[in-house]
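The structure under discussion appears below in the form of structure tokens.
The values are calculated or read from the model by the stated rules, or taken from the named source; none is laboratory data. Model, not experiment: these values are computed from the prediction. Cβ placement follows ideal geometry from the backbone for every residue including glycine, while neighbour counts extend to all protein chains displayed. SASA here: full protein model, heavy atoms, side chains in, ligands and nucleic acids out. Shrake-Rupley method; radii C 1.70, N 1.55, O 1.52, S 1.80 Å.
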Protein chains: 2
Amino acid sequence: EDVKKQQAVKSSDPYSSDPERHPVLHINNLKPFNAEPPPEILSDSYITPSAFFFKRNHLPVPKVDPASYQLHVEGLPGGVLTLSLEDLKTKFSKHTVTATLQCAGNRRSEMNKVKQVKGLNWGIAAISNATWSGAKLRDVLLAAGYGPDVAQWACHVQFEGLDKDVTGTTYGASIPLKKAVSEEGDVLLAYEMNGEELPADHGFPVRVVVPGTVGARNVKWLGKIIVSAEESSSHWQQNDYKGFSPGTDWDTVDFKSAPAIQELPIQSAVTTPADGAVVDRSAEEVTVKGYAWSGGGREVVRVDVSLDGGKTWQVAQLRTSDKGQAPEPSPPPGQAWAWKLWEVTAPLPAEAQELEIVCKAVDNSYNMQPDTVPPIWNLRGVLSNAWHRVKVKIREDENEE
Amino acid sequence: EDVKKQQAVKSSDPYSSDPERHPVLHINNLKPFNAEPPPEILSDSYITPSAFFFKRNHLPVPKVDPASYQLHVEGLPGGVLTLSLEDLKTKFSKHTVTATLQCAGNRRSEMNKVKQVKGLNWGIAAISNATWSGAKLRDVLLAAGYGPDVAQWACHVQFEGLDKDVTGTTYGASIPLKKAVSEEGDVLLAYEMNGEELPADHGFPVRVVVPGTVGARNVKWLGKIIVSAEESSSHWQQNDYKGFSPGTDWDTVDFKSAPAIQELPIQSAVTTPADGAVVDRSAEEVTVKGYAWSGGGREVVRVDVSLDGGKTWQVAQLRTSDKGQAPEPSPPPGQAWAWKLWEVTAPLPAEAQELEIVCKAVDNSYNMQPDTVPPIWNLRGVLSNAWHRVKVKIREDENEE
Ligand SMILES: [Mo]
Ligand SMILES: [Mo]
């Protein structure tokens with residue numbers, strides 16, 4: 001079905017040069033392409049293979065010739081600095097960061113069940129983890145003339161993509177200057193993902209990676225960087241990607257009243273078993289797996305798992321590498337950019353016929369996930385981070401003796 | 001009653017030189033002194049007057065002679081630096097920061113209602129806001145020989161108070177070196193509170209103020225600063241002030257498994273009306289007031305208030321100054337150290353005989369408060385930040401025509 005949808009792309013439209021995608025992806029929207037992997041793939045490997053990494057495009061994938069690619073850096077005292085891909089790779093040290101990216105709309109489908117929201121109906125897998133390599137944005141800004149005097153008037157760094165709509169408007173977003181120039185902010189102009197050149201869907205040849213910050217600010221197919229006093233004036237910075245009270249509707253919403261989403265809140269979900277799965281009583285135990293992550297470099301310090309809908313809780317095992325590999329060293333405080341995978345194996349409760357599995361994570365600021373969806377419901381369906389709940393049936397053995 | 005308790009302090013005991021306190025304070029413990037103001041006082045003024053600021057002492061208040069006071073700074077290449085109070089005031093620039101301090105045990109009484117915890121039974125007022133003036137810890141560390149090379153081996157800055165138990169053990173705590181030396185961390189060695197010298201209960205002559213960080217690390221009556229590879233070995237850093245899963249009890253707890261609390265999570269509470277208050281139907285409307293604050297310099301961006309137990313929500317007005325005064329300018333990102341007071345005036349619902357008022361706050365990382373207490377219950381009763389709930393009766397007018 002999904003493969004057929006992909007083949008339906010006609011060469012007459014702006015999406016005709018979009019790349020091929022892995023058929024296992026669940027497509028939420030074909031044009032622009034938005035897709036997430038099956039959840040259990042996420043907990044299969046600490047680093048998500050690029051083919052399975054969730055894809056969230058706002059516009060057609062631009063075809064960029066790496067030989068003629070130019071990145072323009074504007075707004076600094078030295079005038080415009082223009083860099084080729086070769087410049088980026090050779091004039092600046094290469095840094096590698098393992099960072100989880102999450103779409104603001106991850107788990108939106110749970111909000112849709114409460115009341116319809118506007119947006120793509122993401123499941124729990126609009127989040128993935130990769131290693132990214134490239135130049136530090138800080139180093140590029142310094143080379144372009146950034147100095148402490150600039151911080152007197154500038155507050156933001158804007159990014160423009162090379163992806164355009166039919167009117168020629170490009171995708172755009174901005175981040176706080178402080179994050180962009182901080183030594184510990186680890187913002188990259190990445191030209192590699194998981195040790196290979198960036199795939200077309202992930203921003204070839206260069207994207208911004210803003211660790212700890214919502215996916216939408218990690219601008220792909222980067223064309224321009226602008227240091228400025230103001231945030232990006234783009235639709236996605238001003239009139240989208242903001243959170244509101246559950247009482248705010250499309251008649252009353254004032255987008256100016258809420259800050260643009262940057263750092264994301266504490267998040268976790270159960271990747272396996274799937275909702276509606278069946279386990280046999282004879283298995284005697286159940287293994288529950290999932291992911292947990294928090295924005296702003298806050299480290300996940302604990303995941304609590306319940307099999308009884310939240311009445312009793314046990315603490316999951318966390319890991320920061322693939323099984324059999326040494327765990328990554330603990331990151332410095334405020335630089336925990338990557339998720340933790342977690343796992344619990346527990347005996348099947350003797351009395352239960354059904355399990356209601358729930359997970360909730362805690363970060364090192366001891367922020368917790370909210371219990372339920374309705375009080376965090378918002379008209380765009382972003383920031384959906386209530387406890388994740390999965391129901392599993394226990395099948396009694398038929399031939400008991 | 002509380003006054004009598006205070007007079008009962010005999011001069012034979014180590015608490016005999018404790019200062020006098022304002023009689024309006026609600027005393028949770030007399031020796032050491034722990035007390036909080038009536039909640040409505042908190043929302044009366046943006047800056048909490050020092051006499052009403054919550055007091056949380058772990059030990060007797062030490063009597064310190066300001067003329068002979070010495071502060072020792074240890075662990076840096078230059079050897080020990082010793083500073084007098086005069087040195088602190090004259091050799092370093094004076095900085096002023098408005099910062100909210102909150103006890104880790106604020107709102108513990110709500111956890112006690114779920115299941116008994118160990119600790120003082122704080123209500124909702126173990127939080128207050130003041131202006132603090134003093135030298136920047138960063139400047140003192142630089143003067144004592146701190147340089148980037150130190151960050152190669154050091155990770156923490158320890159503080160020792162001059163307050164001692166009967167064995168001579170002093171109060172102690174530590175914070176991450178990164179916070180201590182950061183330009184934006186705003187950590188002060190404060191010698192003034194609200195424009196006057198520090199009161200005895202708040203650390204005279206010098207205390208540490210660590211904005212955005214749990215009260216317990218804001219060491220009072222500061223005697224020693226130690227730059228080190230390790231956290232403080234004190235009881236309060238190692239075996240207290242940590243959060244655990246609700247399933248963890250005193251038989252299973254492993255204090256090494258949880259990080260010491262530093263930044264606190266998003267918090268808010270209703271200061272007025274009080275739980276159990278009565279409003280007259282003829283009043284036609286109700287005004288609800290409270291406070292909201294988040295740790296780590298995260299700014300409160302919204303407070304949602306419900307009058308129907310959380311079914312419907314409205315957005316409160318926030319303020320960052322006293323009424324009639326100009327609001328403080330918006331802090332730079334990551335430096336929102338002070339709380340916001342908030343207020344909602346709403347018509348009394350026609351049908352209701354009782355209101356269940358609920359508040360929940362959101363910070364600029366879009367972290368939200370958890371809905372309920374039991375899933376965040378922990379054996380020490382810290383980090384109690386579920387939605388705050390207050391029940392109010394509506395009295396119908398007796399002489400209706
Ligand atoms: Mo997104
Ligand atoms: Mo505390």
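Hey, how many Å between the Cα centroid of segment A:230-266 and the Cα centroid of segment A:73-99? Measuring centre to centre over Cα atoms gives 30 Å.
Got the relative contact order for chain B handy, in percent, Cα pairs under 8 Å and 6 or more residues apart? Worked out over chain B, it gives 17 percent. The portion of the accessible surface of segment A:205-340 made up by carbon and sulfur, rounded to a whole percent, is 48 (1.4 Å probe; DNA, RNA and ligands excluded). As an exercise, find the ratio Rg/Rh for the protein assembly as shown from alpha-carbon atoms, using the Kirkwood inverse-distance average for Rh. Here the Rg-to-Rh quotient is 0.98.
In nanometers and ordered shortest first, the copy-to-copy spacing of the B:SER257 label point, defined 7 Å from Cα toward Cβ, is 4.4.
Can you show me the helix-derived [θ] at 222 nm for chain B, built from DSSP H runs with n ≥ 4 at -39,500 (n - 2.57) apiece and divided by the number of residues, rounded to the nearest 500. Display every interim value, and only then the final one.
Numbers: 7 runs with 39 residues, N = 401.
Counting only the DSSP helices, I get -2000 deg cm²/dmol.
If you wrap the tightest convex hull around every Cα atom of segment B:98-146 and split its volume per residue, you get 107 Å³. So which aspartates and glutamates pass the test for A:LYS391, namely a Cα distance under 15 Å, with those fewer than 8 places away in the same chain ruled out? Partners within reach: A:GLU110, A:ASP275, A:ASP280, A:ASP308, A:GLU354, A:GLU356.
Using a simple spin-label model with pseudo-atoms 7 Å out from Cα toward Cβ, A:SER45 and A:ARG319 lie 1.4 nm apart. Over segment B:264-401, Cα pairs under 8 Å with separation of 6+ residues give a relative contact order of 37 percent. When chain A is treated as a GNM with alpha-carbon contacts under 10 Å, the residue of A:PRO265, A:PRO273, A:PRO375 showing the greatest mean-square fluctuation is A:PRO375. Placing a label point 7 Å from the Cα of A:GLU74 along the Cα-to-Cβ direction, the distances to the matching points in the other copies come to 5.8 nm, shortest first.
Figure legend: label point modelled 7 angstrom from the Cα of B:GLU183 along Cα→Cβ; residues of segment A:146-167 with amide N under 18 Å from it are A:146-157. Once the partner protein chains are put back, segment B:312-330 shows a loss of at least 10 square angstrom of accessible area, versus the chain by itself, at B:TRP313, B:VAL315 (probe 1.4 Å, ligands and nucleic acids excluded).
On a per residue basis, segment B:55-116 carries 46 Å² of accessible surface, using protein heavy atoms and a 1.4 Å probe. Compared with the direct C-alpha span, the chain from A:GLU354 to A:GLU230 gains 39.3 nm at full extension, assuming 0.36 nm per residue. To the nearest µm²/s, what D does Stokes-Einstein give for segment B:323-401 at 10 °C and 1.306 mPa s, using the Kirkwood radius over alpha carbon pairs as Rh? Translational D for this selection: 95 µm²/s. Peptides B:65-73, A:325-333 ranked from most to least packed give B:65-73, A:325-333, packing being the mean of other C-beta atoms within 10 angstrom over each peptide's residues.
Sort the following peptides by mean Cβ neighbour count (other Cβ atoms within 10 Å, averaged over residues), highest first: B:21-33, A:274-286. Could the numbers behind the result be given before it?
Values: B:21-33: 16.8, A:274-286: 12.7.
Output ranking for B:21-33, A:274-286: B:21-33, A:274-286.
Between A:THR167 and A:LYS63, the contour length at 0.36 nm per residue exceeds the alpha carbon distance by 35.7 nm.
Here is how far apart the B:GLU230 label points are across copies: 5.5 nm, shortest first, using a point 7 Å from Cα toward Cβ.
Convex hull volume per residue, computed on the Cα atoms of segment A:114-171, equals 223 Å³. How many percent of DSSP beta bridges within the protein assembly as shown run antiparallel, rounded to 5? In the protein assembly as shown, approximately 90 percent of DSSP beta bridges are antiparallel ones. Among B:34-43, A:303-312, the peptide with the highest mean count of other Cβ atoms within 10 Å heads the list, and the full ranking is B:34-43, A:303-312.
I'd like the mean, over residues of A:288-300, of how many other protein chain beta carbons sit within 10 Å of each residue's own Cβ. Working shown, then result.
Details: counts 0, 0, 0, 0, 0, 0, 2, 3, 6, 0, 4, 1, 0.
For this peptide, the per-residue mean of nearby foreign Cβ atoms is 1.
Legend: mean number of C-beta atoms from other chains within 10 angstrom of residue C-beta atoms, peptide B:64-71, equals 0. Remark: for residue pairs B:LYS136/B:LYS323; A:LYS118/A:LYS289; A:LYS89/A:LYS224; A:LYS311/B:LYS113, the C-alpha separation exceeds 19 Å in B:LYS136/B:LYS323; A:LYS118/A:LYS289. Buried area at the B:A interface is about 3000 square angstrom, summed over both chains, from accessible surfaces computed with a 1.4 angstrom probe.
Over the whole of B:355-367, what's the average partner chain Cβ count within 10 Å per residue? Rounded to a whole number, please. Could the numbers behind the result be given before it?
Values: counts 0, 0, 0, 1, 0, 4, 0, 8, 5, 8, 17, 18, 16.
Mean shielding by partner chains, rounded to a whole number: 6.
For a label point 7 angstrom out from the Cα of A:LYS91 toward its Cβ, which stretches of segment A:168-195 have the backbone nitrogen within less than 18 Å? Within reach of a label on A:LYS91: A:188-191.
Debye-formula intensities of chain B, expressed as log10 I(q)/I(0) at q = 0.06, 0.10, 0.12 Å⁻¹, are -0.25, -0.68, -0.97 (one equal scatterer per alpha-carbon, no solvent).
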